[in-house]
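The values are calculated or read from the model by the stated rules, or taken from the named source; none is laboratory data. Remember, it's a predicted structure, so these values are computed and weren't measured experimentally. Because the Cβ atoms are built from the backbone with ideal geometry, glycine has one as well, and the counts that use them run over all protein chains shown.
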Amino acid sequence: MVSLDAGLKNGTLVWTPHGFTSIEELRPGDQVVAGDGTACTVICVQPTRPSRALRLTFDRQIEAECGPGQTWRVLHPAARFATRHSHRKVEPNPRYNKWQAVTAEAMLSMSGAAPLPRRRFLIPASSTVEMGAKQLPIDPYLMGVLLGDGCFRKGLSISSADDEIMHAVAALLPSDLSLKKEGKYDYKLVLPGGRGHGRGGRAYYGHPLTQVLRDYGLHGLLSMEKFVPEIYLHNSAAARLALLQGLMDTDGSVANTQGTIEFSSTSPHLAAAVEYLVASFGGKTATKQRITRYTDKFGARKDGLPSFRVRIRLPQVVPFRLSRKIARLVPPVSTCDERVLWTIDEVEASGCTVVTVNSIDNTFVLEHGIVAHG
């Protein structure tokens, strides 16, 4: 029997094989994504209105609201470590890595509202989300490079100092297009005879990539206005990874020492797309915004555009194709791949929905890759 104090807050987005759906809109028989990334079926949907509500805040400031009776698949703090200290001895921990279903209320009672690091519960990291493959008019890696280093305003061009990227681009272009180098780092994507950058005739309206970008509403946009078309986001794992690699090869970086991975862009839409893509592979992100500064022609320092920097933890897949960036990658050593429950707060109660699914461990995936228990 479903507890009337259970349920996830209405409006919570649930991952499905076709994108996101609000939890209250699900119906028995619908397909959602299970914690292992595969599709599973919704068995039961029941609206509830708990008298209390709790907000669970995980690492990277990811939140979920639920009723106190909502169960979560968790690793108890005492089960997180392979050894334990007992009677001044270090011995194997018999509870190590044993997961269990625990209510939000029970977690609050056991660890408190803001537990110390060693008393924090974990919930599982989601596996790679499996979504149906859809045909794409532009190769996803090429689309990522165009969004990162492409100019869409005067014809179509790419600015890059990496020959490796440009060789990959040349191999992915439609057969009737080629690269024409203009300047030290600038390449135009042109039709035979070098055409494709005028305002009339086939040179403009017949350019195959320009036409696709126009259909998506991308052509003519400035860097801060660029976005990823939804068909590229809600696609197979292979297509999503190729897209992410194109974005990261152009606007991503790896620190020389610790191997910290970051994506930087003036487009909030591209930053959000990278957050989504990383979550779809079970990774974590944290985004910071800052105002850039520049020096004008008179030597005065002025505020520039906002910049969005996405720090990424993604040990499951390699987010680059560029060899010099891959060479800097090192396995992350701090924190953990699972989601860490930082705090539990009382919040205003509202309508909730309990969803039961037929996945092996009764889990399904929410927005940001949060694994919920059904």
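Brief remarks on what is shown
- Note on the range 125-152: residues that are assigned to a loop (DSSP other than H, G, I, E, B) and either more than 25 Å from Leu366 (Cα to Cα) or touching a Gly at 6+ places or on another chain (Cβ under 6 Å) (or both) total 11.
- The condition of being in a helix (DSSP H, G or I) and not basic (Lys, Arg) holds for only one of Ala113, Ala106, that being Ala106.
- Counting only strands (runs of 3 or more DSSP E) that sit wholly inside the range 329-374, those with at least 3 residues that are of a type outside the set (S, T, N, Q) are 339-347, 352-357, 371-373.
- Answer from Arg328, Arg309, Arg324 - the residue that is within 17 Å of the chain's Cα centre (by Cα), surrounded by fewer than 21 Cβ atoms within 10 Å (Cβ to Cβ) and under 30 Å from Val169 (Cα atoms): Arg309
- Annotation note: of Arg95, Arg84, Arg27, the sole residue that is under 16 Å from Val354 (Cβ atoms) and either part of a strand (DSSP E or B) or touching a strand residue (DSSP E or B) at 6+ places or on another chain (Cβ under 9 Å) (or both) is Arg27.
- Among the criteria (1) outside the structural domain of Pro17 (by TED's automatic domain parsing); (2) surrounded by fewer than 10 Cβ atoms within 10 Å (Cβ to Cβ); (3) not acidic (Asp, Glu), the one Pro94 does not fulfil is (1).
- Residue in the range 257-264 that is surrounded by 22 or more Cβ atoms within 10 Å (Cβ to Cβ) and either of a type in the set (A, V, I, L, M) or over 13 Å from the mean Cα position of the chain (by Cα) (or both) present: yes
- Matching residues in the range 350-374 - criterion: being among the hydrophobic types (A, V, I, L, M, F, W, C), over 23 Å from Thr260 (Cα atoms) and at pLDDT 95 or above: Cys352, Val354, Val355, Val357, Phe364, Val365, Leu366, Val371, Ala372
- Just one of the listed residues (Leu13, Leu54) is within 22 Å of the chain's Cα centre (by Cα) and modelled with pLDDT of 95 or more, and it is Leu13.
- The requirement of being buried (at least 16 other Cβ atoms within 10 Å of the Cβ), among the small types (Gly, Ala, Ser) and either modelled with pLDDT under 95 or in contact with a Pro (Cβ under 8 Å, 6 or more places away or on another chain) (or both) is satisfied by Ala242.
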